[in-house]
Every structure is written in C-alpha cells, then in structure tokens.
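Just below is one structure, and these are the notes that go with it.
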C-alpha cells in the first residue's frame, strides 16, 4: 500500500513539474528571444570588454571549497552513525549496517572522485 502511494506521489510530482515547465517556457519565449538579440548585439558593438578571470577563479574556489567541506562533513556524520550502530547493535542491526556500507562507500567514491576531477580540470585550465 505504501509503495503504491509513494509511486503515485512520484508520478504526480513528475507530471506536475513537466506541465509547469512547459507553460512557463511558452509564456516567456518571446521575452527570451528579444533578450538574446540584445545580448548578441551588445557583444558585437563592445569588442573591448575583458573577462574578469580572477572573479571567476575566486567564485570557483569558493563553490569548490564549500561543497567539499559540506560533502566531507556529511560523509563523516554518516560514517559515525553507521559505526555507532555497528558497535551497539544486535546481530541483525550489524547485518543492516554492513549492507548499507556498500552504498556509503560508492557514494563517497563518487563525491570525492567528482571533486578530484573538478580540481584537476580547473588546475589544467589555469
């Protein structure tokens, strides 16, 4: 019963998001095209504009560091909770913790691998 309700809720939510996005796109398409033409024309007339790379580097570093700290904190908290559950739990709870360690390790590998790739790309591009 709960699985059916959850599935129905997910389907209704996805349909609602799809329908609301199509209405918004239909209304604002004329404004978008006019804004795009203005943007292109201003770029053609102003050829002396320089791109502020230091601001982009600072913003990228800020986002990277913030997300890395957040991901590390969440991983440490989850690892701590799993460790406490493993130490204090019964045999059934220990089996559940061991089963949840595989997704935890895969999630950590994905998160920190993505941060490693991000840092590598940024370092190469600088």
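The values are calculated or read from the model by the stated rules, or taken from the named source; none is laboratory data. Because the structure is predicted, anything quoted here is derived from the model rather than measured. Cβ sites come from the backbone with ideal geometry, for glycine too, and all protein chains shown count toward neighbours.
Tabulated values for the structure
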| read-out | value |
| --- | --- |
| Flag if residue 102 is loosely packed, with under 10 Cβ neighbours inside 10 Å and either in a helix (DSSP H, G or I) or over 19 Å from the mean Cα position of the chain (by Cα) (or both) | yes |
| Condition met for residue 50 (out of contact with any helix residue (DSSP H, G or I) (no Cβ under 6 Å at 6 or more places or on another chain), surrounded by fewer than 10 Cβ atoms within 10 Å (Cβ to Cβ) and at pLDDT below 75) | yes |
| Condition met for residue 15 (at pLDDT below 65, outside the structural domain of residue 123 (by TED's automatic domain parsing), in a helix (DSSP H, G or I) and loosely packed, with under 10 Cβ neighbours inside 10 Å) | no |
